[in-house]
Structures are given as structure tokens and as C-alpha cells.
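Student: Attaching a single structure in C-alpha cells format; questions to follow.
Every read-out reported here was derived from the displayed coordinates using simple, explicitly stated rules and does not represent laboratory data. Given the structure is predicted, the values throughout are model-derived calculations rather than measurements. Virtual Cβ from ideal backbone geometry, glycine too; neighbours counted across all protein chains shown.
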Amino acid sequence: MSMTLKQRLAFDAVAASLPCGLDASKVSVAHGVSYVKSPVKAHDYAAGVMAAFGSVVEHIGTVRGLPAQSMKLDRRRCGLLLNSLQLLFQNGYSTIMDTWGVNPDNGTYRTKDGRHVTMIGLHPHLRDLLLVALNCVNTAQGFQAAVEKKTAQEHEDEAIAKNLPLGIVRTPEEWAAHRVGAEVLKRPLIDFEGSGSEKKRLLGKARHRPLEGVRVVELTHVVAGPNCGRFLAEQGADVIKVQPPMGDWVLPIWLDASWGKKNILLDIKGRRGQARFHELLATADVLIDGQRPGVLNRMGLDDAGLRAINPNLVRASLSCFPLGTAWGERPGFEQIAQAVSGTMHVHSAGMEAPTVVPALINDYITGYLVAIGVVAALAEREERGGYYHVASSLSRCSSLTPLFVEPLDAEPYEPVRIKDLIEHSIDQPSPAGTFTRIAPAVEFSHTPSMVHRHPTLMNSMPDTTGWDDVPTTAPVVPHTPSKLAAEGAIYGLVECFGIEDRSDGGGIMSLASKSLFEYVRAHREG
């Protein structure tokens, strides 16, 4: 089945950002029922962008001498992948093992002037900064009492001054009229810039997979950046993820995004770590930079510094707000982008209070957008040489969602059930047992999407780890359709409509279904 109008809208918006054309005629998308209950048609937005990713991968494959391919996607699977961290199991049990996601510092609260602000205290230091700034206790009642002492604009102004992840819940019209929103809306979905013509490193012909031999250094955290690396690994890239020896991380997010990667610890601010980091960059093809904008620049690793190290590097940047805008260095998360851009407002029409779309649309789709930019840059580099910088942002991704709005009752919805895992998940063995996860979005006619490395923790390899040799034989697909799901060996899956599935406009936002936590709580109390 060819793409629907909304899917094609997303596909074409991506294509318009790229120097190469994308061939939609090679793509088919099977219809699938939504589980994301929202006027924002997240499944269609995801399917169009994921199809564009498949198309640009197919493009670089032909550039590298592989045969042309057709691609199949499934609309429901594309939506499931927007919450893939919620649908990852190890030996039949969910990898979500903690209740941190429902803490009240992750929430939306009413302000003095009757508006709402959204805040994220995902990591302990962010939680503490919010508690100090608001001078309150860490309860929903404490946050609400503190927030309603000031107007929404006062809260946002203070958050900007203190670098706190907090934003006003705006309408799309207010965002378009805002000085930053207007800047964001003018940007393409993917910022793409190339310079120079040196050809010291090219990929050359591929034997088996479109991205084989592509070397990726990943310096990211949380969801969007790590998943960008994962998507590249699924097409054959060699990804080394660099993690600082001490810092914030969230286990279920880490496991979901770590497929296909080598994980090392490296203090890139120390003398030895910095030298090793430069060694990796000098021999890499791609740097995925998920640090807050400006961090690497202050270390001498701006575009000029990186180009001096490697004149053929592709730098890929992810942030909450686009680089170069007035908010370009502001911290932010999925929920902040949904709030300020109007997505949360549109989703919450008719509700008593605003809440988020029940899927991590910005995190995962932005990860795909940057991966698309990377692959397009690598294809251009094969012909033209040079250095490239591609970028996208959560807020730019979120600002497109009003184009995917339909009445809530325009389609039926079905909750996530075991049958989804039977139809859309795969089992992959590892030394830690069998992992069950949602299969990759794109099914190519010739080159399967797959990874051979299972998730590992951050110090699973020494920091001297280098690049793999390109395989001389065709890789064997390491996964199979999920036998655990088919045999009823997935335990504790609660039927739900996504990550934030209360459907009552409630304030607390989580990275896991609240019905899952209700299930866990009931069993603990029992």
C-alpha cells in the first residue's frame, strides 16, 4: 500500500531538507490501527519519517554499488517504536524496573494566571534545582502550591535564567507568534551544511549492507541521540558510544538505545581521555553530538576544530531548540518541546488540563531525522568530499505536529496487547538471556535491518576499543520472530494506549505506562 497523504506529508518534508532526492515509489506502508489516542496522528508522522530513513539508506546503498531495493513498513509498528523503551523485555520481564518516572517533578501544573507550565526533573540534579527554585517539597501538592504563586511567563523567564527545563504550554498560534517559535518554524526539518572538498576518507563500495564500514562516535544521552546511533547501527554502522565515567543515565532508556554499540567510558575533559577522543574522531566518519549546545565548542571542538582533526567528518547535532536561535543552548526534553510548540495543547483539546501525546514522538522522530541527515551527508561525501554538519531539534520536530491533526474520533484505537508482540517483536539471544523488542521499522527487500551487539552497560569494553574490520561474508540475521511472545512467556504486559495513558489531562508525566505501575504496585502490595 502506498503512503497516505499524511505519511507522504512527513516524507516530503524530510526530502525537502536534503540535497538528494528520495523515491517514494519504492515504499509501501501497511495500514495498522493506532494505539496512540490523540488528535495528533503520531503513527502517520512516524511512518513518513521512517520511510524517508529507509529511502535515504537505500540511496546510499546504490551509491555504494548495492542493488536498488524496495521497502515495507507497518503503520502500527511505526507507532509502537515511538515507545520502544516501554516494550523491551529481558527473559520475558520488562526492563522498566523503577518508579522514578511518575515522580511529581515530572509534571504539568497550573500557574497564577490560569495557564500551565511543564517541567522535567528526570535526573536528581534537575529535580533538586527545581525544588530549590520553587522552594517546595517533592509532592504534587507542593509543586502545585508553588507554581500557582507566579504567572506562567514569570516561571519561564526564571527557568531561562537558571537553565531549568521548564516551558509554558502554548497554542500553535502562540508559538508561531513567539520570537523563538517563528525562528524554529522557518528552519527545515533537518539543517544540512557542507564545506570543503577534501577526500581523505571515503567509504567506497559496499559488499553486503548500506552502512558497512561507517564509523560512528556517539557522544549522547537520554533518548534522541542514542537512538540516532542505534538506527545507524541497524544498517551496518560501527558505533562506539562514549560515556563519561560519572553522570546521569536511566537504565530502561539505556538498554533500549544500546543495540548494536560498543560502550566505553572516557573522560574527554581529561588529558588522556581527550587524546583518545581525538584519536577516535580522526578515524571516524560521524560524530553524533547530543551534548548541550556549546559544550564541545568550549573544548575547541566547534566545526573548525573538528574539521582540523578530520576534514571528512560528519557532525550530527541534536538539541531541544535549533542551534543558533535565542534558545539554542536551553536544556529541554520531549515534554518541554511538546509544551512550548503547541503539541500538548492540540492533543489535550477537550480535556480539563493539558497532558502529553502518549508517545515520545519528538525523541524518536528527531533521532530518525538526524540519522537521515547523517546518511545523506555520507552519500554526498562519496561524490563531493568535504566536512558536513547536520542537525535537528525536538522543538522543530514538535512544531510540525499541527499538520498531522484529525478529530480524535476519526479512527478507531486498539491498546497495546500481546498480539502486538507476536506480530511485531523479535527475540535476540545474549549472554544475559533473551531480549524481546519491537522489530526495526523498515523491511528492505535485500538488506535486513539488524544488529549483532546486544545492550551492555557503559564499561563493557576498554576505552582503547577501536573499529571493526568490514565483514567479508554476509552477516546472518541474529534475531527471530518472538517465540517468547507466541508461547505466552512475556510477563506483566499491561494493555495500554502508550506512555501517558491516563486520558484525563492529569499532570504527572511518566516514561512508562501508569497502568504498568498500577500493576506493579498491586503485586507488591499483594
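Student: If you plug each phi of the stretch 107-118 into the Karplus form 6.51 cos²θ - 1.76 cosθ + 1.60 with θ = phi - 60°, what whole-Hz ³J(HN,Hα) values come out, in order, with x for Gly and Pro?
Tutor: x, 10, 9, 7, 9, 4, 8, x, 8, 9, 10, 10
Student: Take each of the peptides 291-299, 470-478, average the number of other beta-carbon atoms within 10 Å over its residues, and list them starting from the highest.
Tutor: Highest-to-lowest ranking by the protection proxy: 291-299, 470-478.
Student: Using mean projected area of the Cα convex hull in nm² as the read-out, say which of [x] 26.6; [y] 22.8; [z] 31.1 was calculated from these coordinates.
Tutor: Evaluating mean projected area of the Cα convex hull in nm² on these atoms matches [y].
Student: Here is a further query. Report the one residue of 394, 70, 141 whose Cα lies farthest in the direction of the positive end of the charge dipole of the chain (charges on C-beta: Lys and Arg +1, Asp and Glu -1; origin at the Cα centre).
Tutor: 70
Student: Another question, then. Which ordering of 215, 75 is given by a fewest-first count of other beta-carbon atoms within 10 Å?
Tutor: Listing 215, 75 from fewest to most nearby Cβ atoms yields 215, 75.
Student: Tell me, what does the Kirkwood hydrodynamic radius of the stretch 128-178 come to in angstroms if you use every pair of distinct C-alpha atoms?
Tutor: Details: mean 1/r = 0.0843 Å⁻¹.
One over the average 1/r among Cα pairs gives 11.9 Å for the stretch 128-178.
Student: A further question follows. Provide 242, 375 in ascending order of the number of other Cβ atoms located within 10 Å of each residue's Cβ, fewest first. Don't skip to the answer; put the middle values down first.
Tutor: Details: 242 23, 375 30.
Ordered from fewest to most neighbouring Cβ atoms within 10 Å, 242, 375 come out as 242, 375.
Student: Ok, one more. How do 351, 50, 344 rank when sorted from fewest to most other Cβ atoms within 10 Å of their own Cβ? Kindly include the intermediate steps, with their values, before the conclusion.
Tutor: On the way: 351 13, 50 32, 344 28.
Arranged by neighbour count, lowest to highest, 351, 50, 344 become 351, 344, 50.
Student: From the backbone phi of the stretch 220-231, what are the Karplus-calculated ³J(HN,Hα) couplings (6.51 cos²θ - 1.76 cosθ + 1.60, θ = phi - 60°) in whole Hz, Gly and Pro given as x?
Tutor: Whole-Hz 3J(HN,Hα) from phi for the stretch 220-231: 9, 7, 6, 10, 4, x, x, 6, 4, x, 4, 5.
Student: Once you've got the Cα coordinates, tell me which of 200/261; 41/262; 199/262; 41/72; 6/241 are over 31 Å apart.
Tutor: Too far apart for the 31 Å limit: 41/262; 6/241.
Student: Sum -39500 (n - 2.57) across every DSSP H segment of at least 4 residues in the chain, then divide by the residue count to get the 222 nm mean residue ellipticity, nearest 500.
Tutor: Mean residue ellipticity at 222 nm (helix-derived): -10000 deg cm²/dmol.
Student: Provide the packing ranking of 390-400, 323-333, i.e. peptides ordered by the mean count of other C-beta atoms within 10 Å per residue, highest first.
Tutor: 390-400, 323-333
Student: Follow-up. If packing is taken as the average count of other Cβ atoms within 10 Å, what order do 412-418, 88-94, 160-166 fall into, highest mean first? Mind dumping the intermediate values first?
Tutor: Numbers: 412-418: 14.7, 88-94: 19.1, 160-166: 17.3.
Going from most to least packed, we get 88-94, 160-166, 412-418.
Student: From the backbone phi of the stretch 198-203, what are the Karplus-calculated ³J(HN,Hα) couplings (6.51 cos²θ - 1.76 cosθ + 1.60, θ = phi - 60°) in whole Hz, Gly and Pro given as x?
Tutor: 5, 10, 6, 9, 10, 7
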